[in-house]
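The values are calculated or read from the model by the stated rules, or taken from the named source; none is laboratory data. No experiment lies behind these values; they were computed from the predicted model shown. With ideal geometry, Cβ positions are generated from the backbone for all residues, glycine too; neighbour counts draw on all protein chains shown. Note: accessible area is taken over every heavy atom of the protein model, side chains too, but ligands, DNA and RNA are not part of it. Shrake-Rupley method; radii C 1.70, N 1.55, O 1.52, S 1.80 Å.
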Amino acid sequence: MTMNPNIQAPISQNRMHVILFGPPGSGKGTQSKHLVRTYGFVHVSTGDILRDEIRAKTELGKVAEGFMREGRLVPDSYIGVMVKKNFMN
């Protein structure tokens, strides 16, 4: 199926959500670019959101940066808040 990027789906229509999981370097970004280009999907990257929060020196970004400096993963609860905040904008 090919989506025509000039046709907008009604807001009330159900939408497909595709989530790509995988380790670093597994091709998630490459495949996402293909899906955006081919089907007009919207690409959301938690890594990009995290880097934006750190760059902007938000409170969440500062906390996340602390975890990263210690070589630890940023807890899902913080990532979830950042993603939700991103979708609210």
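Are there trypsin sites (Lys or Arg not before Pro) in the stretch 38-89 that DSSP marks as loop and that have at most 12 other Cβ atoms within 10 Å, and which are they?
Values: sites: 51, 55, 57, 62, 69, 72, 84, 85; in loops: 57, 72.
Filter output for the stretch 38-89: 57, 72.
Can you list the lysines whose alpha carbon sits under 25 Å from that of residue 33, skipping same-chain ones fewer than 8 residues off? Candidates past the 8-residue exclusion: 84, 85.
When the solvent-accessible area of the stretch 20-85 is split by element, carbon and sulfur atoms take up 57 percent of it, the probe being 1.4 Å.
Under 14 Å Cα-Cα from residue 62, which aspartates and glutamates qualify once same-chain neighbours fewer than 8 residues away are excluded? Residue 62 reaches 52, 53, 70.
Given +1 on the Cβ of Lys and Arg, -1 on the Cβ of Asp and Glu, and no further charges, what dipole in debye does the stretch 17-89 carry about its Cα centre, rounded to the nearest 20? Can you show the working numbers first?
Details: 11 positive and 7 negative charges, 34 e Å.
Taking the Cα centre of the stretch 17-89 as origin, the dipole is about 160 debye.
The simple Förster model, with R0 at 22 Å and r as the Cβ-Cβ distance, assigns residue 89 and residue 19 a FRET efficiency of 0.60.
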